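Asks: Below are the structure tokens for one structure; questions will follow.
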Amino acid sequence: MSVAALEVLQQPGGLRLCLSGEWTLTTMPHPIVSFERRLRELAAGNPAWDLQSITRMDSAGGILLWRAWGRQWPASLLISTRHRALIARIEAMVVDALPTSRANERLLALSAVGRLLLAAASHLTGMVALVGQLVLDVFYLCRHPGDIPWREFSANLFKSGAQALPVTALIGFLIGVVLSYLSALQLANFGADVFIVNLLGISIVRELGPVLVAVLVAGRSGSAMTAQIGVMRVTDEIDALATMGVSQSQRLVLPKVAALSVAMPLLVLWCSAAGIIGGMVSANLQMDLSYGFFIDTLPKVVPVANLWIGMTKGLIFGFLIALIACHFGLRVKPNTESLSSQTTASVVTAITVAILVDAVAAILTRSVGLPL
């Protein structure tokens with residue numbers, strides 16, 4: 001087996017490149033990138049090519065030469081019929097990339113935006129239809145209270161609410177400790193240590209409590225709901241329910257939405273209480289602020305309207321998170337890739353919507369519950 005060889009001859013008419021040996025993937029000099037670069041540099045001088053001494057050539061050697069020639073046949077070429085046919089086949093198969101222009105780039109960007117808008121419209125339409133179906137189910141169950149799925153409701157309430165108490169309490173307590181510690185460092189510079197009660201009370205009860213619980217529940221309960229409905233879609237259990245005449249919205253969607261809507265305000269209250277306790281403990285240890293002073297001052301500086309705002313946010317967040325989770329779960333196709341992608345999309349969408357709604361609520365309620 002002879003390696004690929006290249007001989008450069010200087011003749012009166014110009015350069016002459018004589019190629020010999022076996023031009024295959026295993027016999028060409030390595031690294032091939034450097035060898036190709038050298039061929040390109042030589043080809044730039046428009047030399048005469050003599051390939052008649054090549055004993056064997058595979059597609060790798062043909063592609064290497066074709067790219068070195070700039071994807072066009074050289075003006076002076078001596079080559080055997082067999083090797084010419086090989087490079088001709090490569091010429092027919094290799095398609096040059098279309099040059100991208102600013103117009104094409106703008107068109108691609110516009111197309112991407114259009115796809116995003118169409119996808120958002122599709123999701124919004126599906127969620128509106130799901131809400132409409134839930135309203136019809138509520139009217140039906142009001143007329144037929146015996147069909148209310150109490151067992152499914154209680155099971156979802158236990159999974160989404162009771163089982164989430166430890167993690168929400170832990171996160172709330174730690175956030176309260178961190179917020180109190182960092183705030184104390186700044187307030188101490190101005191001699192305003194006592195105002196840490198105002199800062200902790202309003203920030204945790206009004207904003208941090210609902211948002212933290214929404215993020216935790218979206219990642220914990222929302223993903224579980226999407227995965228549960230998605231697995232039922234993959235295993236054809238939802239189709240089986242439809243065959244038996246069982247409403248999927250009454251048995252799957254409504255209990256989850258109702259349970260999370262009930263559990264979320266209670267979880268917000270629980271997490272906010274844990275956060276206040278954490279901040280109170282941290283303030284006592286760092287600033288020597290007594291527990292009695294903290295407990296006595298808190299209701300005076302934090303109007304009760306903040307508590308109602310936080311719990312109302314929890315109710316809205318719970319409804320939206322469960323609705324989004326069920327929506328994406330019902331869109332799962334019968335394959336595992338769709339299940340994983342829809343679960344991820346469910347969590348990301350739920351967290352994004354919760355933060356967006358919280359921002360809107362903060363603007364709308366800016367004059368409510370804040371001491372002047």
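Asks: Looking at (1) more than 23 Å from Ser80 (Cβ to Cβ); (2) at pLDDT 85 or above; (3) not aliphatic (A, V, I, L, M), which is the one condition that is false for Cys18?
Replies: Here Cys18 meets the rest and fails (1).
Asks: A further question follows. Would you call Val217 within 21 Å of Gly292 (Cα to Cα) and crowded, with 19+ Cβ neighbours inside 10 Å? Steps first, please.
Replies: Values: within 21 Å of Gly292 (Cα to Cα): no; crowded, with 19+ Cβ neighbours inside 10 Å: yes.
The answer is no for Val217.
Asks: Scan the helices (runs of 4 or more DSSP H) fully inside the stretch 102-198 and keep the ones with 3 or more residues being more than 32 Å from the chain's Cα centre (by Cα).
Replies: On the way: elements: 102-143, 150-160, 165-187.
The qualifying helices (runs of 4 or more DSSP H) are 102-143, 165-187.
Asks: Follow-up question, since we're still on this one. Looking at the stretch 316-339, is at least one residue in the same structural domain as Pro210 (by TED's automatic domain parsing), more than 30 Å from Ala129 (Cα to Cα) and not in a loop (DSSP other than H, G, I, E, B)?
Replies: First, the residues of the stretch 316-339 that are in the same structural domain as Pro210 (by TED's automatic domain parsing): 316-339.
The next check asks that each one be more than 30 Å from Ala129 (Cα to Cα); those that pass are none.
No, every residue in the stretch 316-339 fails to be in the same structural domain as Pro210 (by TED's automatic domain parsing), more than 30 Å from Ala129 (Cα to Cα) and not in a loop (DSSP other than H, G, I, E, B).
Asks: Val357 fails exactly one of the following numbered conditions: (1) in a loop (DSSP other than H, G, I, E, B); (2) in the same structural domain as Leu182 (by TED's automatic domain parsing). What is the number of that condition?
Replies: Val357 satisfies all of (1) in a loop (DSSP other than H, G, I, E, B); (2) in the same structural domain as Leu182 (by TED's automatic domain parsing) except (1).
Asks: Okay, moving on. Output the qualifying pairs, or none if there are none: Cβ atoms under 9 angstrom, residues six or more apart or on different chains, first residue in the stretch 240-259 and farther than 19 Å from Phe328 by Cβ, second residue in a helix (DSSP H, G or I) and among the small types (Gly, Ala, Ser).
Replies: The qualifying pairs are Val246/Ala240.
Asks: Oh, and also: Inside the stretch 26-60, can you point out the residues that are within 20 Å of Arg71 (Cβ to Cβ) and in a loop (DSSP other than H, G, I, E, B)?
Replies: Met28, Ala44, Gly45, Asn46, Pro47, Asp58
Asks: Let me ask something else about it. Can you name the residue in the stretch 321-372 that is hydroxyl-bearing (Ser, Thr, Tyr) and more than 18 Å from Ala120 (Cα to Cα) and is also surrounded by the most Cβ atoms within 10 Å (Cβ to Cβ) among such residues? Spell out how you get there, then give the answer.
Replies: The initial filter retains those residues of the stretch 321-372 that are hydroxyl-bearing (Ser, Thr, Tyr), namely 336, 338, 340-341, 343-344, 346, 349, 352, 365, 367.
From the residues that got through so far, the ones that are more than 18 Å from Ala120 (Cα to Cα) too are 336, 340, 365, 367.
Details: Thr336: 12, Ser340: 13, Thr365: 17, Ser367: 7.
If we take residues in the stretch 321-372 being hydroxyl-bearing (Ser, Thr, Tyr) and more than 18 Å from Ala120 (Cα to Cα), then Thr365 is surrounded by the most Cβ atoms within 10 Å (Cβ to Cβ).
Asks: If you take the residues of the stretch 266-294 that are on the phi < 0 side of the Ramachandran plot and outside any helix (DSSP H, G or I), which of them is surrounded by the fewest Cβ atoms within 10 Å (Cβ to Cβ)?
Replies: My answer is Ser290.
Asks: While we're on this one: Against the condition part of a helix (DSSP H, G or I), under 18 Å from Ala350 (Cα atoms) and among the polar types (S, T, N, Q), how does Thr297 come out, does it pass? First the steps, then the outcome.
Replies: Working: part of a helix (DSSP H, G or I): yes; under 18 Å from Ala350 (Cα atoms): no; among the polar types (S, T, N, Q): yes.
Spelling it out, it is not the case that Thr297 is part of a helix (DSSP H, G or I), under 18 Å from Ala350 (Cα atoms) and among the polar types (S, T, N, Q).
The values are calculated or read from the model by the stated rules, or taken from the named source; none is laboratory data. Predicted model, so just to flag it, every value in this text is computed and none were measured. We place every Cβ from the backbone using ideal geometry, glycine too, and count neighbours over all the protein chains shown.
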